[in-house]
Amino acid sequence: MLLAMTAKNKKMKGKFQPDKNGYFGQFGGAFIPELLYPNVKELEDNYIQIIESEEFQKEYKSLLKDFVGRPSPLYFAKRLSEKYGAQIYLKREDLNHTGAHKINNTIGQILIAQKLGKTKIIAETGAGQHGVATATVCALMGLECTVFMGEKDIVRQAPNVARMKMLGAKVVPATSGSKTLKDATNEAIRYWIQHPETFYLIGSVVGPHPHPDMVARLQAVISEEMKWQLKEKTGNENPDTIIACVGGGSNAAGAFYHYMDDEEVELIAVEAAGLGVNSGESAATSQLGQVGIIHGSKTILMQDEYGQIVEPYSISAGLDYPGVGPLHAFLFESGRAKFMNATDKEALDAAFELTKIEGIIPALETAHALAVLPKMTLRKDQVIVINLSGRGDKDLETFIKHLEE
Amino acid sequence: MNSIKNIFQTKNREVLSIYFTAGFPNLEDTKTVIEELEKAGVDFIEVGLPYSDPLADGPTIQNSSQKALQNGINLDIVFEQLMTIKNSNKTPLVLMGYLNQMLKYGEDKFCQKVVDCGIDTVILPDLPMVEYENHYRHLFEKYGINNVFLITPQTTEDRIRKIDSYSKSFIYMVASSSITGAKGEISQQQIDYFQRIKSMNLKGNLVIGFGISDHKTFSKACEYANGAIIGSAFINFLEEKGIDKIYEFISSIRNN
């Protein structure tokens with residue numbers, strides 16, 4: 001079933017696919033120093049061919065099935081549905097090995113790295129989920145792994161740091177700027193410039209072309225499964241609405257991917273509002289940003305009048321990013337996706353609610369997607385899929401702190 | 001004629017260029033640093049436009065940029081500072097910044113200000129060739145501005161030839177695959193690369209940068225190129241010795 005779907009979907013050409021220079025509308029491209037050109041070019045010349053090869057698909061699908069535990073269940077959340085008066089399904093990416101959707105991408109990219117003959121892997125991480133997923137596939141393949149992580153995130157996501165170390169990865173603190181995801185990405189790119197022999201296993205649909213497209217294709221398995229799972233459960237492969245949280249945007253890209261051209265499916269991207277969109281402590285990029293260039297990509301970016309990047313804020317390390325992937329910038333600008341946001345407090349409340357009524361502790365990032373339910377006007381028969389992108393084990397310390405308050 | 005190209009016409013060898021960060025160590029130092037560098041006999045000066053996320057720069061320049069931003073520098077102030085020395089300063093200036101700074105400021109407004117300050121050369125390390133060809137070449141030509149391209153040990157011959165055809169001031173030859181600030185000796189591998197490029201007989205002037213820090217590395221680089229650029233080592237010097245001793249630094253590079 002999975003393989004058949006892939007064969008059908010890989011040829012898709014639509015309005016939301018990048019052009020030859022990696023642009024989604026006016027967003028994307030590859031704004032990289034000449035020093036990175038050979039690396040990016042090598043990947044650009046090979047990634048589609050590799051991903052579409054039978055050999056890759058066989059290895060990728062087999063690892064997703066037996067190592068990751070896919071397909072991830074599509075769970076009908078009965079009590080949540082009753083509470084909000086809709087038909088709410090949760091796409092259980094939290095049940096994947098390593099606890100989030102991130103592993104879909106790292107399994108794919110590690111296979112690509114191997115096909116390109118790369119032996120040293122670097123990655124950036126915010127919440128640590130991508131770092132853990134990268135360290136995991138490096139352990140699996142016996143490759144050297146270095147993960148850059150903001151100093152601030154190292155503190156707030158300590159369990160993931162411990163997991164990465166146990167998996168044999170070297171964790172390098174990023175001490176510049178806001179000491180979060182943006183800075184970890186800067187450091188990873190700088191290291192890459194100095195060590196062009198390494199493979200930069202990027203964690204989201206950000207960075208220079210072809211990285212956003214490559215990561216979206218590897219996360220597309222989420223919506224690929226949603227189609228047949230919904231068909232089985234509801235008789236229709238299309239839901240009315242899909243909701244996903246967006247930092248860089250990889251889980252949302254995966255959940256939206258096979259539905260982007262189906263205008264009847266409403267797509268909702270939820271950004272982190274931090275202490276409030278206009279509080280000065282926020283990461284709601286689409287609301288606060290303008291067109292700019294970050295990490296090699298033209299997108300929507302939080303910046304001041306001189307183009308200096310503004311440091312974002314969110315309680316969630318995975319959404320604490322001043323940009324958004326170029327595909328999402330295009331989905332926003334074209335109006336194809338609706339962008340909503342949730343504050344720290346709303347996300348925490350949503351996390352506690354899901355835990356209490358469904359017995360699922362979501363990641364703080366994911367909790368933002370759940371947090372928009374009370375803000376929506378829903379119909380009883382409205383089929384909603386929320387991409388439950390990750391589990392909340394890593395956030396226990398934050399949760400416990402707020403439980404006591 | 002392009003101001004930098006002019007330098008190479010009068011002085012073909014051992015051209016010394018110094019990079020410094022505008023608004024560093026103090027907000028008002030931009031003008032003084034340029035004046036001191038001119039007095040010390042530097043051939044052309046790269047004025048760094050401080051950026052919050054300078055991807056192609058190492059820790060030294062990152063820190064100086066951060067400090068300059070904390071000092072309150074911004075593009076309007078830099079342009080004002082450069083306007084005040086426009087008539088007195090005879091040493092050609094090159095602006096080095098990141099594309100997003102120009103994008104946000106307004107591309108035409110940025111170019112006009114550059115021209116108003118008497119500058120005709122810019123380096124934007126994150127401006128890739130394809131974007132230059134599709135858009136910026138036309139924009140810069142309209143204002144008579146030349147964009148400097150970087151080449152690295154990995155840049156293919158075809159690409160170098162193309163860059164050569166676009167370069168009206170000089171070609172920035174990155175000494176190694178590293179971000180700025182990497183220090184040390186010049187290796188045999190680097191020399192092989194310098195020789196390979198030299199033997200291509202490019203029409204453009206070659207200037208070596210990244211990792212040039214003292215007399216020894218400067219002279220070595222000048223054996224294979226028309227000149228060399230020093231950045232991080234100068235910023236470190238400014239940090240340690242301040243702006244009064246700039247002459248000392250330049251003489252230490254020129255002489256042994």
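The values are calculated or read from the model by the stated rules, or taken from the named source; none is laboratory data. Every value quoted in this text rests on a predicted model; they were computed, and no experiment measured them. Counting neighbours? That spans all protein chains shown, and the Cβs are built from the backbone with ideal geometry, glycine included. To get the accessible areas, we keep the full protein, side chains included, count just its heavy atoms, and leave off ligands, DNA and RNA. Shrake-Rupley method; radii C 1.70, N 1.55, O 1.52, S 1.80 Å.
Miscellaneous remarks
- Condition broken by A:Asn96, with the remaining ones in (1) assigned by TED's automatic domain parsing to the domain that holds A:Leu388; (2) closer than 30 Å to A:Ile309 by Cα satisfied: (2)
- Against the test of being within 14 Å of chain B (Cβ to nearest Cβ) and open to solvent by less than 10 Å² (accessible area, probe 1.4 Å), the options A:Asp183, A:Asp213 yield a single qualifying residue, A:Asp183.
- Filtered residue count, segment B:40-69, keeping only those that are in a helix (DSSP H, G or I), among the hydrophobic types (A, V, I, L, M, F, W, C) and away from every other protein chain (no Cβ under 12 Å): 0
- Residues that are farther than 30 Å from A:Lys231 by Cβ number at least 2 in the following helices (runs of 4 or more DSSP H) confined to segment A:20-89: A:37-52.
- Checked against (1) assigned to a loop (DSSP other than H, G, I, E, B); (2) within 14 Å of chain A (Cβ to nearest Cβ), B:Asn87 passes all but a single condition, namely (2).
- Unique residue being hydrophobic (A, V, I, L, M, F, W, C), in contact with a strand residue (DSSP E or B) (Cβ under 7 Å, 6 or more places away or on another chain) and part of a loop (DSSP other than H, G, I, E, B) when the list is B:Ile212, B:Ile160, B:Ile229, B:Ile197: B:Ile212
- Pair list, Cβ under 8 Å, 6 or more apart: segment B:124-137 residue under 18 Å from A:Gly22 (Cα atoms), other residue β-branched (Val, Ile, Thr): B:Asp126/A:Ile32; B:Asp126/A:Ile293; B:Pro128/A:Ile32; B:Met129/B:Ile163
- Just one of the listed residues (B:Tyr172, B:Tyr136, B:Tyr166) is more than 27 Å from B:Met83 (Cβ to Cβ) and within 14 Å of chain A (Cβ to nearest Cβ), namely B:Tyr166.
Okay, residues lined up against (1) in contact with a strand residue (DSSP E or B) (Cβ under 7 Å, 6 or more places away or on another chain); (2) on the phi > 0 side of the Ramachandran plot:
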| position | (1), (2) |
| --- | --- |
| B:Gln101 | no, no |
| B:Gly106 | no, yes |
| B:Phe110 | no, no |
| B:Asp120 | yes, no |
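- Positions within segment A:272-289 being in contact with a strand residue (DSSP E or B) (Cβ under 6 Å, 6 or more places away or on another chain) and of a type in the set (Ser, Thr, Tyr), in sequence order: A:Ser282, A:Thr285, A:Ser286
- Scanning segment B:139-159 for residues that are more than 14 Å from every other protein chain (Cβ to nearest Cβ) and either closer than 18 Å to A:Gly292 by Cα or free of Cβ contacts under 8 Å to residues at least 40 places away in the same chain (or both) turns up B:Leu139, B:Phe140, B:Glu141, B:Lys142, B:Tyr143, B:Gly144, B:Ile145.
- Residue selected from segment A:276-307 under the condition open to solvent by less than 20 Å² (accessible area, probe 1.4 Å) and closer than 14 Å to B:Tyr98 by Cα, by the criterion farthest from the other protein chains (Cβ to nearest Cβ): A:Ser297
- Against the list (1) surrounded by fewer than 22 Cβ atoms within 10 Å (Cβ to Cβ); (2) within 14 Å of chain A (Cβ to nearest Cβ), the condition B:Met96 fails is (1).
- A count restricted to segment B:21-72 and to residues that are among the small types (Gly, Ala, Ser) and surrounded by fewer than 24 Cβ atoms within 10 Å (Cβ to Cβ) stands at 4.
Rundown of residues vs (1) at pLDDT 95 or above; (2) closer than 19 Å to B:Pro59 by Cβ; (3) in contact with a His (Cβ under 7 Å, 6 or more places away or on another chain), yes/no style:
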| site | (1), (2), (3) |
| --- | --- |
| B:Leu206 | yes, no, no |
| B:Gly209 | no, yes, no |
| B:Ile230 | yes, yes, no |
| B:Ile235 | yes, yes, no |
| B:Leu238 | yes, yes, no |
| B:Gly242 | no, no, no |
| B:Ile246 | yes, no, no |
| B:Ser251 | yes, no, no |
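- Test: A:Ile315 is touching a Gly at 6+ places or on another chain (Cβ under 9 Å), over 20 Å from A:Ser389 (Cβ atoms) and buried (at least 23 other Cβ atoms within 10 Å of the Cβ): no
- Residue in segment A:216-230 that is more than 14 Å from every other protein chain (Cβ to nearest Cβ), modelled with pLDDT of 95 or more, open to solvent by less than 10 Å² (accessible area, probe 1.4 Å) and assigned to a loop (DSSP other than H, G, I, E, B) present: yes
- Any chance B:Ala56 is more than 23 Å from B:Val148 (Cα to Cα) and among the aliphatic types (A, V, I, L, M): no
- Residue within segment B:37-58 that is without any contact (Cβ under 8 Å) to a residue 12 or more places away in the chain and closer than 29 Å to A:Ala174 by Cβ present: no
- Some residue of segment B:101-119 being buried (at least 22 other Cβ atoms within 10 Å of the Cβ) and touching a residue at least 60 places away in the same chain (Cβ under 8 Å): no
- Failed item in (1) within 14 Å of chain B (Cβ to nearest Cβ); (2) over 30 Å from A:Lys58 (Cβ atoms); (3) open to solvent by 30 Å² or more (accessible area, probe 1.4 Å); (4) touching a residue at least 60 places away in the same chain (Cβ under 8 Å), with A:Glu197 passing the rest: (2)
- Check on B:Ile186, modelled with pLDDT of 95 or more and either under 15 Å from B:Val148 (Cα atoms) or open to solvent by less than 40 Å² (accessible area, probe 1.4 Å) (or both): no
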